Each structure stands twice: as structure tokens, then as C-alpha cells.
Amino acid sequence: MMHMLRKPFYVIILSAVFTIGTLSFSCAQTGTAFRTEMRNREDSLKVLATKIVQEREAGDRFIADSAFTRMLVRALKVPYSFSYPFDSVVSISKMYAPDSTFRIFTWQVSKDEAVHRRHGAIQMKTNDGRLVLYPLIDRTAMIENVVDTITNHEWWVGSIYYRIVLKEFQGKKYYTLLGYDEHTIRSTKKRIEVLTFNGENKPVFGGKYFSFAQDTARKPTQSRFWIEYKKQSNARLQFDDEMDMIIFDHLIPENNEEGKLYTYIPDGDYEGFRWQNGQWVHIEKVFTQKLKDGEAPVGAPVSEDKLGKKVTPAKKPAKQ
């Protein structure tokens, strides 16, 4: 049924600007001319990205978003644009994979405090500087079972990414994405999912990667994992490099009302996931003692105002 749906406006914009796949160029742009051109494009993108966030009227924010999308694609069409970091476009997340084989742009445009639309694109690194770009189309509301559905770039569970963790198993690379979703006026979500690439080098999101086999009360393996919590509580979900684990706050309902996730807050305990044999295995209790406020072992995840920090690059959906 999915192929019969009308394409969202975001897809139409991208389709009008480029064709997914290969764009060939006769020569490479390098040196001063390349940097000058890209800086000029970056200056224009910075203005529009700011408008997406700061314009007072929703209509003006969406107009800025449409213009930003078209302008970003034109900038990425410049040969060897993959190496250009767009540092000053700080309201947009720009994450290079740890092995610099691709990078992901993600951002959101808000209708109001309760309705947010997420957009994104994956740019692949190519040896000859040509553009290979996959738009990320947020279909979160249309996917019936988000926790157990494998998706592609056209059926994306939208998040604003703040960390990519690379793991390998039996010669295959697995890119774990940590991201947040503003969700509603009352609650926020932070999400973990695994990105891989298929035989055609196209993105695949999800799979049986989150195991709870070591839990006291076992539950089935999941394709995705997330926490949802009260908007003001700022629960943490981050990868700790020293411990080589994903660590996140254990949450409890503020008023002991189970199920009302918009009331959930951290209680001082931490859960985690450790990579084992191609899966993230859940750890029910990371530390044996509760930590007091201010004694958190990891810093807060990157927030919207920190998404523009410099990152230097190195040289159909199916349910399970």
C-alpha cells in the first residue's frame, strides 16, 4: 500500500532539484575557487537555517525550509562538496560517520510547540566528487509498528542526530544513530537505531539489534529503542567512549502513574546497551550505587544549540 501514497511536498522539492544516485562532473573544483564558492553558498544557507528556527509565523518558517532544502542540494552538487563542513550553519545537525564514508544532515521545522516536521539527507562520499544523496522522508506517523519495522530512506523514523557510533561484526559495519525527537508539547523522545547499507549501498534503518536476553524479565529483540520523558526533565542518552557503552537515564513516573510517559523523569539510576556479537545487549543497571544530582558519569547529549560544532572528515520497508 505504501507505493500508492502521494509523495510529500518535501520529496517533490528534492526530486525537482536532483535525481537520487549518480551525478557526473567533468572536472573537480579545488583550492581557492572551491572554498570561495562554498563559503558563499554557506552564507546563504546560514540565513535560511536561522529563519527556519526564528521566524515568528509558521508559514514563514516553512517557506524558509523549502528554500533551504533547494539551496542545500545545489550546494551539495558542487564536486567534492563532501569535504566542506558548513560549520556556520549551526541550527542544522551535520554528522560525519566515524569512517567518513557518509554524512547525515538532519533538521526540523516546527508548526507550533506540538507539531514538528523532521527533514534530512545522507550524502555518500565518492572518489570522483560526484553527488550521491538520499533524502530522508519522515514517515514516523504512518509506520504502524515503529519498534519492529525495518525502513529505508523513503520511510524514515525522523530524529535529529547528535552521535554516530561505528561497530563491526563479521566484517560488516553497523552505524548506531543517537537522536532526539521533540515529539509533543509535553514530552521528548531520544532514540537509538542502527543504520546499515545494503548490496546496492542504499541505507537501511532498523533490524533485530536491541536484545533484552540478559534482563530479569526478558522481552523480544527490537529493531529500535527509545526513551520518552517529561519535556523539562532533560533525560540523558549518550555513548560513553571509556565504558564503550550506550548509557541512559532510568525513568520513573513523577506521580507514580505508570504509562503516562510525559510524566517520566530520571531517578538517578542508569541503564545501558553494550555491543556483543552484532547486537546491543541491554544492561538493566550500569552502576551498583545510585548517583546523586550532579554526579552523572556522562555529559548531557548535544542539544540544538551545539549541533554546528566542527566535525572534520577523514581522507521497501519490511516488518520483522
Q | Scan of the range 153-202 for residues that are among the hydrophobic types (A, V, I, L, M, F, W, C) and either under 23 Å from Lys260 (Cβ atoms) or outside any strand (DSSP E or B) (or both), ordered by number | A | Trp155, Val157, Ile185, Ile192
Q: Quick one: Trp155 ticks every box in (1) touching a strand residue (DSSP E or B) at 6+ places or on another chain (Cβ under 8 Å); (2) surrounded by fewer than 19 Cβ atoms within 10 Å (Cβ to Cβ) except a single one, so which number is it?
A: (2)
Q) If Gln276 passes every condition in (1) modelled with pLDDT under 95; (2) surrounded by fewer than 16 Cβ atoms within 10 Å (Cβ to Cβ) but one, which one does it miss? A) (1)
Q) Going through the range 263-287 one residue at a time, which ones are over 23 Å from Ser223 (Cα atoms) and either among the hydrophobic types (A, V, I, L, M, F, W, C) or not in a strand (DSSP E or B) (or both)? A) Thr263, Ile265, Phe287
Q: Please verify whether the range 60-67 includes one or more residues that are of a type in the set (Asp, Glu), touching a helix residue (DSSP H, G or I) at 6+ places or on another chain (Cβ under 6 Å) and under 16 Å from Leu136 (Cα atoms).
A: yes
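Rundown of residues vs (1) farther than 27 Å from Lys202 by Cα; (2) part of a strand (DSSP E or B); (3) modelled with pLDDT under 95, yes/no style:
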{"position": "Val11", "(1), (2), (3)": "no, no, yes"}
{"position": "Ile20", "(1), (2), (3)": "no, no, yes"}
{"position": "Arg41", "(1), (2), (3)": "yes, no, no"}
{"position": "Ser44", "(1), (2), (3)": "yes, no, no"}
{"position": "Ala64", "(1), (2), (3)": "yes, no, no"}
{"position": "Arg70", "(1), (2), (3)": "no, no, no"}
{"position": "Phe82", "(1), (2), (3)": "no, no, no"}
(Q) Looking at the range 205-230 only, could you name the residues that are over 14 Å from Trp275 (Cβ atoms), under 21 Å from the mean Cα position of the chain (by Cα), hydrophobic (A, V, I, L, M, F, W, C) and open to solvent by less than 30 Å² (accessible area, probe 1.4 Å)? (A) Phe205, Ile227
**Q.** Qualifying residue in the range 42-55 (condition: at positive phi, surrounded by 15 or more Cβ atoms within 10 Å (Cβ to Cβ) and of a type outside the set (A, V, I, L, M))
**A.** no
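The values are calculated or read from the model by the stated rules, or taken from the named source; none is laboratory data. As the structure is a computational prediction, the values presented were derived from the model and not from experiment. Counting neighbours? That spans all protein chains shown, and the Cβs are built from the backbone with ideal geometry, glycine included. These area figures cover heavy atoms from the full protein model, side chains too; ligands, DNA and RNA do not enter into them. Shrake-Rupley method; radii C 1.70, N 1.55, O 1.52, S 1.80 Å.
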